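What follows is a set of notes on a single structure, which appears directly below.
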Amino acid sequence: MSTGSQLSERGTGLCRVRIFANGLMLQFRASVEQARNFTTAVNGWPSRFHILIDHEADPDLPWLPCRNLWD
């Protein structure tokens, strides 16, 4: 599993979270803090995911599922 981020250490606001797994790509929007916390949690899962986080938070993207868990 690998992760990537184009966010600065002190990034705030909303971001796009892209999850890649087995040829599937899912896109969500989340706060920067939620995205970082989600990525940290996924790194501990025994699965193969690739997660990219960037500042392309489209308001039409759905929110990261269970986003309040990642606050």
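The values are calculated or read from the model by the stated rules, or taken from the named source; none is laboratory data. Note that this is a predicted model, so its numbers are computed, not measured. Using ideal geometry, Cβ is built from the backbone for each residue, glycine included, and neighbour counts are taken over all protein chains shown. The area values use the complete protein model at the heavy-atom level, side chains included, leaving out ligands, DNA and RNA. Shrake-Rupley method; radii C 1.70, N 1.55, O 1.52, S 1.80 Å.
Points worth noting:
- Tally of residues being under 15 Å from Trp70 (Cα atoms), charged (D, E, K, R) and surrounded by 15 or more Cβ atoms within 10 Å (Cβ to Cβ) across the stretch 15-33: 2
- Long-range neighbours under 8 Å by Cβ, at least six apart or interchain, first residue within 12 Å of Arg48 (Cβ to Cβ) and of a type in the set (Gly, Ala, Ser) within the stretch 16-33, second open to solvent by 60 Å² or more (accessible area, probe 1.4 Å) and assigned to a loop (DSSP other than H, G, I, E, B): Ala21/Arg48
- Of everything in the stretch 34-55 that is within 16 Å of Arg67 (Cα to Cα) and within 8 Å of the chain's Cα centre (by Cα), the residue that is most open to solvent (accessible area, probe 1.4 Å) is Arg36.
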